[in-house]
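Take a look at the structure set out below.
Bear in mind these aren't lab numbers, they're just calculated from the coordinates by the rules spelled out. All of these numbers come straight from a predicted model, not from anything done at the bench. Reconstructed Cβ throughout: ideal geometry from the backbone, glycine too, with neighbour counts over all protein chains shown.
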Ligand code: KG4
Ligand code: ZN
């Protein structure tokens, strides 16, 4: 039996301090030995969003303990680790620096390779944590900071098909929640409140619905929610607005994913067409079911990471580390933290006033 690589993944790009030990079995299927996540929700709650300085301080306070726990829970020894993979971007630079420096220092002291991981690549590969997924596949990445359709052709090989031109979808959920007086991060709460409301009560705009290919836009929707929220008096109206928002998002994603399907098919000639939805918002069950329905209609295989791997975690960072380790894609210890690090470096930046679609 050959020795399988043992990878330590470290994540600190935003408001989760996380560490995970990962290996693979004889069949090459990843095996998570430990997965520790410490969320800072309580630190940021009263501010209605992540405060970078407080987030960084909390990472500094917890990182040693979280990494130690990940090692203890894995049943392995620190000296058994073959490589250390840390998130290097994108994210808040003061937060990234904590996990990145810790990972580099540990790699240096153990004399093991260091691997710099793109957080978005972690989300992109997260379904591999529990399934045998081969390239290429179409990815819809919907998180608190990003909303993109990507043609995933291989490790490190991404072609962006569409992106949001303003807010990310998670951001739109969180801002809507805030307007309704729900504590940060409100995305999951909107999903729950929506179940008690009438989805047809309010007609909300669907920006760039009929233009811009599979690019997305949510800022106009937020403005409409703002106007309606000022007139809301009862809980039932709150539920109705949540339900109308959730329904509008489903309609936007259904239509834009259909467009992304045809763009993906133009770029890839494949017999099995695969569609992956990843990132924090992929935990939304109604979004999952509407996209699953579309996949059935269009003959796509739909793949979702388990709910616990949709949000930020270090197992997905270790997963990228494992793939890079096998290809000997190591990085120097002077690798910088990158606040902006697109998966498709060639794609045009599509944000701000005057964007041409
Ligand atoms: O991927 P993630 O954990 O962090 C980033 O990399 O951004 O995504 C967090 C985002 C937050 O905006 C949160 O409100 C949203 O995902 N989210 C949801 C749900 N669960 C998390 N949005 C809608 N429905 C959910 N069930
Ligand atoms: Zn994330």
- Message: I'd like the orientation of helix 285-298 relative to the chain: the angle between its Cα long axis and the longest Cα principal axis, in ° from 0 to 90, rounded to 10.
- Response: 90 degrees
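Among 146, 59, what is the fewest-to-most ranking by other Cβ atoms within 10 Å?
By the 10 Å Cβ count, ascending, the order reads 146, 59.
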- Can you tell me the 0 to 90 degree angle between the C-alpha axis of helix 169-179 and the longest principal axis of the chain, rounded to 10? 60 degrees
- Sort 223, 163 so that the residue with the fewest other Cβ atoms within 10 Å of its own Cβ comes first and the one with the most comes last. 223, 163
- log10 I(q)/I(0), Debye, Cα-only region 286-357, no solvent, q = 0.12, 0.19, 0.25 Å⁻¹? -0.67, -1.11, -1.11
- Query: For the chain, what relative contact order do you get, as a whole percent, if you take Cα pairs closer than 8 Å and at least 6 residues apart?
  - Reply: 24 percent
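Looking only at region 134-304, where both bridge partners belong to it, what percent of the DSSP beta bridges are antiparallel (to the nearest 5)? Spell out each step's value before the answer.
On the way: 12 of 20 bridges.
Approximately 60 percent, going by the DSSP bridge assignments.
Just to be sure I follow: if Rg is taken over the C-alpha atoms of the chain and Rh is the Kirkwood radius over the same atoms, what is Rg/Rh? Spell out each step's value before the answer.
Details: Rg = 20.4 Å, Rh = 20.9 Å.
That ratio is 0.97, to two decimals.
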- Message: With a cut-off of 8 Å between alpha carbons and a minimum separation of six or more residues, what is the relative contact order of region 134-304 in percent?
- Response: 26 percent
- Message: Can you tell me what percent of all Cα-Cα pairs in region 134-304 are more than 18 Å apart?
- Response: 58 percent
- With Cα springs under 10 Å, the Gaussian network model of the chain assigns the largest mean-square fluctuation among 224, 260, 172 to 224
- Just rank 119, 44, fewest to most, by other beta-carbon atoms within 10 angstrom. 44, 119
- Message: Taking the 0 to 90 degree range and rounding to the nearest ten, how far is the long axis of helix 52-74 tilted relative to the main principal axis of the chain, both from C-alpha atoms?
- Response: 50 degrees
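Just from its helices, what would the mean residue ellipticity at 222 nm be for the chain, if runs of 4 or more DSSP H residues each count -39500 (n - 2.57) and the sum is divided by every residue, rounded to the nearest 500 deg cm²/dmol? Before the final figure, lay out each step's value.
On the way: 10 runs with 143 residues, N = 357.
When only DSSP H runs of four or more count, the value is -13000 deg cm²/dmol.
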- Message: Given a 10 angstrom Cα cut-off, can you work out which residue in 237, 171, 53 is the most mobile in a GNM of the chain?
- Response: 53
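Largest first and in whole Å, what are the equivalent-ellipsoid semi-axes of region 79-152 based on the Cα gyration tensor, each being the root of 5 times an eigenvalue?
Values: eigenvalues 139, 61, 12 Å².
Over the Cα atoms of region 79-152, the ellipsoid semi-axes are 26, 17, 8 Å.
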